[in-house]
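Participant: Right, I'll just put the structure down here and ask away after.
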Amino acid sequence: MEVKVITGDIVSTKADAIVVNLFEGVKRPGGATGAVDKALDGAITKLIEQGEIKGKLNEINIIHSLGKTPARIVAVAGLGKQADFTLDKIRALTAEFCRSLRKLNCRRIATIVHGGGVGGIDPEASSQAITEGSLLGLYRFRKHITKEPENHDIAETLIVERDAAKLKVLEQGCKKGQIIAEATNLARDLINEPANYMTPSDMAKTAKGLAKTYSLGLTILDREQMEKEGMGALLGVAQGSRQPPKLIVLTYKGDKKSSDTIGFVGKGITFDSGGISIKPSENMAEMKGDMAGAATVMAALIAIAQLKSKVNITAVVAATENLPGGNALKPGDILKAINGKTIEVVNTDAEGRLTLADALGYAIKQGVSQLVDLATLTGACHIALGDICSGIFGNSQELIDKIIKSGAEAGERLWQLPMYEEYKEKNKSNVADIKNSGGRWGGAITAAQFLSEFVGDKPWVHIDIAGTAQTEKENGYTVKGATGVGVRTLVNFALAQAK
Ligand code: BES
Ligand code: MN
Ligand code: ZN
């Protein structure tokens with residue numbers, strides 16, 4: 001779908017549907033909504049009086065114009081209480097009305113800029129949010145469905161603004177929103193892809209294609225090279241599968257004058273069966289998404305490159321399956337990671353931290369100055385925070401705060417969990433330097449503590465997206481399946497670092 005900004009009058013815009021809005025409690029709409037009301041001979045005002053249109057948040061009222069406007073449908077979108085209005089509500093609302101209009105067979109829709117007037121929202125930011133909301137909300141993963149969809153895709157969304165002087169900023173917001181939303185949808189595509197279509201080799205192939213399209217540096221290490229690097233932890237996880245592991249390194253140099261490089265590291269388990277410590281079969285299919293962290297860092301890098309952000313980034317993804325093959329890791333096995341530390345594997349299902357240990361260590365070897373990792377790491381994080389926010393941990397409060405802020409701007413919520421020394425006790429092994437599971441209690445924290453052993457003295461943040469990477473329900477701009485969570489946080493972080 002294409003999103004475009006045009007100057008003009010929403011009333012006379014040629015589209016299948018035009019979208020105006022209303023704050024809760026408003027009895028006499030003004031502005032664009034008032035103008036459309038007039039064209040409809042007061043229908044909106046009448047419906048407000050009759051109590052049908054209330055302006056409640058995400059309420060979508062459909063009015064058929066029956067020839068009174070060029071558009072056959074006028075949709076009135078409820079903005080909720082004016083005092084509670086935010087940018088993220090624009091994203092969600094836009095997604096909701098776009099999906100409603102798709103169900104009504106609209107191919108071309110037009111909307112005004114929401115929140116710009118009394119809403120007090122910056123027009124550029126609103127335009128970006130509308131663009132993101134429509135692209136994210138209309139996303140669907142139909143690659144493997146051979147039947148045509150009941151409702152075809154919306155081909156075009158127009159953002160209509162009367163004031164020609166605003167065109168430029170609205171276009172800037174729209175362009176930025178498009179890049180970020182498309183990157184998020186790219187991450188969703190990679191995550192939604194089943195494991196038989198997204199093996200470590202498929203991930204490497206995807207990275208190769210992206211590197212070429214967006215002129216990024218690319219290195220892919222195979223098993224032999226991993227051995228040379230001493231990546232015993234990653235190789236240990238990979239040994240249970242017939243699919244060869246791939247260590248994928250994508251680099252973006254947006255600031256050639258600086259030697260500072262941010263390291264993005266993503267968990268890339270293309271399928272997590274648990275290995276010999278096998279998972280129950282119920283919901284195991286969800287583990288095709290255990291490479292969400294990897295997809296997220298790759299997609300974020302693509303957006304950052306397109307936005308020509310003035311930063312340097314090295315993204316490292318350790319891609320492998322975790323399967324219980326004849327050669328698989330066994331509980332009790334001891335592995336040696338890239339930094340020389342030995343790890344007792346007490347649970348082969350705690351595989352993510354093993355692969356991340358080597359990926360983080362490799363990023364450090366590449367000379368990154370700070371690290372951010374994203375991983376569907378622990379069920380414990382899902383239990384602690386539900387699917388509302390991701391867990392954030394780290395060894396640098398400054399970096400943690402920066403990333404929480406970058407997330408908040410994007411409507412992605414991060415909640416910090418503690419890293420008290422006492423938790424480290426749980427990871428102590430009798431036979432190796434550390435063990436790969438500290439047990440059930442505080443499992444998200446002990447997992448983070450484990451990772452902290454592999455980042456040296458670099459400022460580092462770990463984001464656990466186990467609860468937020470996939471969803472079972474459609475809500476605002478998230479749809480069933482992969483959410484693409486983290487892409488927008490990382491992009492905002494890179495943009496903030498560039499400033
Ligand atoms: N990939 C899982 C974590 C996960 C669970 C992600 C549910 C998304 C949804 C991870 O590899 C795992 O299995 N973690 C174990 C660790 C335990 C064995 C210490 C867990 O959380 O149960
Ligand atoms: Mn696991
Ligand atoms: Zn896993």
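Participant: Measuring from centroid to centroid over Cα atoms, what is the spacing of segment 77-148 and segment 431-499 in Å?
Facilitator: Measuring centre to centre over Cα atoms gives 28 Å.
Participant: OK, next. Based on DSSP, what percent of beta bridges with both residues in the chain are antiparallel, to the nearest 5?
Facilitator: Values: 28 of 74 bridges.
Of those bridges, close to 40 percent are antiparallel.
Participant: When the Cα centres of segment 389-424 and segment 232-262 are compared, how far apart do they sit, in Å?
Facilitator: 23 Å
Participant: Of PHE23, CYS106, VAL169, which is farthest on the positive side of the dipole of segment 2-181, counting Cα position, with +1 on Lys and Arg Cβ, -1 on Asp and Glu Cβ, and the Cα centre as origin?
Facilitator: With unit charges placed on the Cβ atoms, the residue in question is CYS106.
Participant: I'd like to know which of VAL479, SER241, THR199 lies farthest towards the positive end of the charge dipole of the chain, counting +1 on Cβ of Lys and Arg and -1 on Cβ of Asp and Glu.
Facilitator: It is VAL479, whose Cα lies furthest towards the positive end.
Participant: Net charge near TYR197, counting Lys/Arg +1 and Asp/Glu -1 over other residues with Cβ under 10 Å of its Cβ?
Facilitator: Working: positive: LYS143, LYS288; negative: GLU193, ASP202.
Taking every Cβ under 10 Å from that of TYR197, the sum is 0.
Participant: Run the reach check for LYS428 against aspartates and glutamates, Cα to Cα strictly under 20 Å, same-chain hits fewer than 8 apart removed. What comes back?
Facilitator: Answer for LYS428, where 20 Å is the Cα cut-off: ASP333, GLU344, ASP349, GLU351, ASP358, GLU453, listed by chain and number.
Participant: Using amide H atoms built in the peptide plane, which far-off residues or other-chain residues are under 5 Å from GLN416 H to H?
Facilitator: Under 5 Å from the amide H of GLN416: ILE392.
Participant: Continuing with the same structure: Report the relative contact order of segment 2-181, percent, no decimals, based on alpha-carbon pairs under 8 angstrom and at least 6 residues apart. Intermediate values should be presented prior to the final figure.
Facilitator: On the way: 361 pairs, mean separation 55.0, N = 180.
Worked out over segment 2-181, it gives 31 percent.
Participant: Also, I was wondering about something else. Run the helix sum for the chain: -39,500 (n - 2.57) per DSSP H stretch of 4+ residues, divided by residue count, reported at 222 nm to the nearest 500 deg cm²/dmol.
Facilitator: -11000 deg cm²/dmol
Participant: Which percent of the accessible heavy-atom area of segment 170-226 goes to carbon and sulfur, probe 1.4 angstrom?
Facilitator: That fraction is 47 percent.
Participant: Taking the Cα centre of the chain as origin and charging only Cβ (+1 Lys, Arg; -1 Asp, Glu), how large is the dipole, in debye to the nearest 20? Before the final figure, lay out the partial values.
Facilitator: Values: 61 positive and 57 negative charges, 214 e Å.
About 1020 debye.
Participant: What's the local net charge at GLU229, with K and R +1, D and E -1, over the other residues with C-beta under 15 Å away?
Facilitator: Numbers: positive: ARG223, LYS228, LYS246, LYS336, LYS341, LYS365; negative: ASP222, GLU224, GLU227, ASP358.
So the environment of GLU229 carries a net charge of +2.
Participant: Heavy-atom accessible area per residue, the chain, 1.4 Å probe: how many Å²? Walk me through the numbers on the way to the answer.
Facilitator: Values: 20910 Å² over 499 residues.
So the chain comes to 42 Å² accessible per residue, rounded to a whole number.
Participant: Same structure again: First check a/c for segment 193-498, with a ≥ b ≥ c the square roots of the eigenvalues of its C-alpha gyration tensor; if it is under 1.5, answer rounded, and if not, answer prolate when a/b is larger than b/c or oblate otherwise.
Facilitator: Values: a/c = 1.28, a/b = 1.22, b/c = 1.05.
Because its axes are fairly even, with a/c under 1.5, segment 193-498 counts as rounded.
Participant: While we're on this one: Of the cross-linked pairs LYS143/LYS473; LYS4/LYS499; LYS308/LYS341; LYS176/LYS473; LYS267/LYS308; LYS257/LYS365, which ones have a Cα-Cα span greater than 30 Å in the structure shown?
Facilitator: Numbers: LYS143/LYS473 20 Å; LYS4/LYS499 28 Å; LYS308/LYS341 38 Å; LYS176/LYS473 27 Å; LYS267/LYS308 25 Å; LYS257/LYS365 21 Å.
Correct reply: LYS308/LYS341.
Participant: Among THR146, THR184, SER65, which residue has its Cα positioned farthest towards the positive end of the charge dipole of the chain, with +1 placed on the Cβ of Lys and Arg, -1 on the Cβ of Asp and Glu, and the dipole taken about the Cα centre?
Facilitator: SER65
Participant: Something else: State the percentage of accessible surface on segment 237-364 attributable to carbon and sulfur atoms; use a 1.4 Å probe and exclude ligands, DNA and RNA. Present the calculation step by step, with values, prior to reporting the outcome.
Facilitator: Working: 2100 of 4260 Å².
Roughly 49 percent of what the probe reaches on segment 237-364 is carbon or sulfur.
Participant: If Lys and Arg each add +1 and Asp and Glu each add -1, what is the summed charge of the other residues whose beta carbon sits under 14 Å from the beta carbon of GLY120? Before the final figure, lay out each step's value.
Facilitator: Values: positive: LYS81, LYS89; negative: ASP84, ASP122, GLU124.
Within the 14 Å Cβ shell, the charges total -1.
Participant: Using DSSP to call loops (not H, G, I, E or B), can you name the GluC sites (Glu not before Pro) in segment 390-499 whose Cβ has at most 11 other Cβ atoms within 10 angstrom? Intermediate results must be reported in sequence, preceding the final value.
Facilitator: Numbers: sites: GLU398, GLU409, GLU412, GLU421, GLU422, GLU425, GLU453, GLU472, GLU474; in loops: GLU412, GLU453, GLU472, GLU474.
Loop-located and lightly packed - GLU472.
Participant: Can you work out the Karplus-derived ³J(HN,Hα) for every residue in segment 13-29? Use 6.51 cos²θ - 1.76 cosθ + 1.60 with θ = phi - 60°, whole Hz, and x for glycine or proline.
Facilitator: These are the phi-based 3J(HN,Hα) values: 5, 7, 7, 6, 9, 10, 10, 10, 9, 7, 6, 4, x, 6, 9, 10, x Hz.
Participant: At 1.4 Å probe size, what's the solvent-accessible area of TRP415? Round to the nearest 10 Å².
Facilitator: Roll a 1.4 Å probe over it and TRP415 shows about 150 Å².
Participant: Decide, for segment 352-499, between rounded, prolate and oblate: order the square roots of the alpha carbon gyration tensor eigenvalues as a ≥ b ≥ c, take rounded if a/c falls under 1.5, and otherwise choose prolate if a/b is larger than b/c, else oblate.
Facilitator: Numbers: a/c = 1.95, a/b = 1.27, b/c = 1.53.
Oblate, because a/c is 1.5 or more while a/b does not exceed b/c.
The values are calculated or read from the model by the stated rules, or taken from the named source; none is laboratory data. Treat the numbers as computed from the prediction; the structure is a model and nothing was measured. Using ideal geometry, Cβ is built from the backbone for each residue, glycine included, and neighbour counts are taken over all protein chains shown. Just the protein is used for accessible areas: all its heavy atoms, side chains included, with ligands, DNA and RNA removed. Shrake-Rupley method; radii C 1.70, N 1.55, O 1.52, S 1.80 Å.
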